[in-house]
Every structure is written in C-alpha cells, then in structure tokens.
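The values are calculated or read from the model by the stated rules, or taken from the named source; none is laboratory data. Because the structure is predicted, anything quoted here is derived from the model rather than measured. Please note: Cβ atoms are built from the backbone with ideal geometry, for glycine as well, and neighbour counts cover all protein chains shown.
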Amino acid sequence: MKKIILLLITPLVLSSSIFAQKRNKKDPPMGTFVSEAQFKDYIPISPLEFEQDVIIYDTRKKAFDTLSIKELATRKEEIIRFLPNETVYSTLEKKDGSFELKFGPATLTGEAGAYTVTLDYAKFTTLKYKIGVDCAGFTKVGVGMRITAKITTYEKGIDVSSLFGLGVAAKLNRISGQLSIDIIGMESSQITDLITLPVDISESSIQTALQSLSAIKSKMYDEKTNLFPQILAIKKTGGTCSVFDLLDKIDNSVANTIKTTNLPPKQQQQQQQQN
C-alpha cells in the first residue's frame with residue numbers, strides 16, 4: 001500500500017523541480033524576486049467563485065450549447081470535458097516589510113525572511129479576461145488541491161522546490177512555519193472524511209498531508225463528488241492594472257468579460273458578439 005501511495009504522490013513532490021529545469025536564460029537568476037507587475041507566471045489567489053456563460057459541446061444533443069457555470073456544475077460529464085488540463089505548479093511569494101509583494105521561482109530562497117510557498121494540483125481550463133481597455137490576461141479556472149506553507153527562514157539558500165525539502169529544513173531548524181490544505185471546488189462526504197489537519201511543518205505532517213491528498217484526488221471522478229469550477233490563479237499580460245486590481249473588478253454573480261479560449265473560431269465569434 002505504501003508503494004502505491006508513493007507512486008501517486010511522486011508527481012506532486014517532483015513537479016516544481018521539473019519546472020525549474022525548464023527555465024530559460026531570460027528568466028531571472030535563481031533566487032531573484034520581482035514585483036507582481038514584473039512576474040510573468042500565474043499568481044495563485046484564494047479560490048474565487050464567478051458566474052459566466054460558456055459554450056460547450058453537448059454529446060446528447062450533438063450540438064454546441066451555452067450554459068452558465070452553475071448549470072455546468074450539475075452535469076458531471078460536461079464539466080469534466082470543460083476542464084481538460086491538469087497541472088502541478090508551485091509559486092514562491094516573499095514578504096519583505098514593504099506593501100509590495102514579490103514573487104520568484106520556487107527553488108531557493110534568496111535570503112532569510114518570510115515566504116509563502118504554494119503548491120497546487122489543478123484540473124482546469126484557461127480563460128482569458130479583459131476588463132475595460134487597460135487590463136488583460138488569463139485565468140486558470142477549475143478544481144483541485146492546494147498546500148500552502150507559510151514559513152520564516154533563518155538563513156538564505158533554503159530549498160523550497162519540494163515539500164520534502166521544507167521538511168528537511170524544518171528538521172534542521174532552518175525554518176519554522178505552518179501548513180494548510182485547501183480542497184478547491186470538490187465536494188463530497190468522502191472527501192471531508194479524508195482531509196487531514198496539519199499544524200506544523202515537519203516530515204511526518206508533510207507525509208500525512210500528501211497521503212491525504214492522494215486519496216482525495218482519486219475521488220475526483222467519483223459520481224458522488226460534485227465539482228464547482230473556480231478561479232485558481234491569474235496572469236496579467238497587458239494593461240496598467242495589477243492582478244489584485246482585477247480581483248475587485250471580476251463579477252461573481254452575473255456574466256462578465258471572461259472568455260473561453262479553446263473554442264472553434266465560429267463559436268469564439270458568437271461569444272464575442274454576445275459580450
């Protein structure tokens with residue numbers, strides 16, 4: 001049983017190391033942190049519900065149909081097809097006492113200080129957004145699981161590329177902090193029973209958390225599990241607004257300007273006319 005659990009959790013643990021290997025020469029040097037306005041990757045946010053009309057292909061009608069997110073959530077097969085992508089990604093956020101948050105590659109910390117490490121597994125689709133004329137980018141909309149480690153490091157060069165790295169650093173008294181687990185957009189009584197309650201950062205707490213998430217992930221396709229897509233992360237690509245300005249502008253109750261990007265050209269044109 002332990003071997004099976006390790007096989008299931010290995011992608012979650014190793015993913016950020018793979019991400020680091022794919023960085024190109026134009027990326028900032030390892031440990032370099034930049035402001036939110038300069039950060040080019042997705043920034044994780046607290047899960048945000050929203051209402052949006054989306055166009056999907058109805059296999060029963062053999063035709064395209066327009067549904068709201070809430071309507072889509074009542075159709076398990078359609079919602080699974082609406083979320084075709086899966087990813088595991090990590091983000092490192094630095095707090096240095098100023099009002100401006102800084103982000104960097106989740107590899108090594110540059111110096112002692114306070115950091116937030118976010119590790120996400122998500123089943124998602126990518127939607128693009130445009131708010132007014134001066135704010136544009138993409139969102140990851142979907143369901144998944146998140147582990148957040150809020151840590152204080154006592155020296156530079158701490159390995160935060162994996163949860164096991166954090167566990168080792170905590171054992172050596174190089175960091176202190178707390179873990180939290182979020183199950184995003186997935187609801188069932190079985191999932192509730194599987195959620196663990198980690199408190200500190202330690203090798204045993206991390207192992208328990210990973211085992212719990214592995215079991216929860218297996219329940220995603222269970223017919224008793226309800227899925228409710230939410231905005232998980234945002235990447236700004238143009239304009240003068242910030243990611244956090246955007247959060248204040250997204251309407252979570254009625255149709256907004258988020259648009260799907262994976263539709264055939266004809267359906268994209270129809271959706272643009274509707275908006």
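Data for the structure
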| quantity | calculated |
| --- | --- |
| Residue count for segment 191-240, restricted to those that are on the phi > 0 side of the Ramachandran plot and not in a strand (DSSP E or B) | 0 |
| Elements of type strands (runs of 3 or more DSSP E) contained in segment 58-177, each with 2 or more residues being of a type in the set (Gly, Ala, Ser) and more than 14 Å from the chain's Cα centre (by Cα) | 63-68, 113-130, 135-153 |
| Answer from Glu93, Glu78, Glu71 - the residue that is surrounded by fewer than 19 Cβ atoms within 10 Å (Cβ to Cβ) and not small (Gly, Ala, Ser) | Glu71 |
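Residue by residue, here is whether (1) among the β-branched types (Val, Ile, Thr); (2) surrounded by 14 or more Cβ atoms within 10 Å (Cβ to Cβ); (3) under 19 Å from Ile45 (Cα atoms); (4) modelled with pLDDT under 70 holds:
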{"position": "Ala215", "(1), (2), (3), (4)": "no, yes, no, no"}
{"position": "Asp222", "(1), (2), (3), (4)": "no, no, no, no"}
{"position": "Ile231", "(1), (2), (3), (4)": "yes, yes, yes, no"}
{"position": "Lys249", "(1), (2), (3), (4)": "no, no, yes, yes"}
{"position": "Thr261", "(1), (2), (3), (4)": "yes, no, no, yes"}
{"position": "Gln274", "(1), (2), (3), (4)": "no, no, no, yes"}
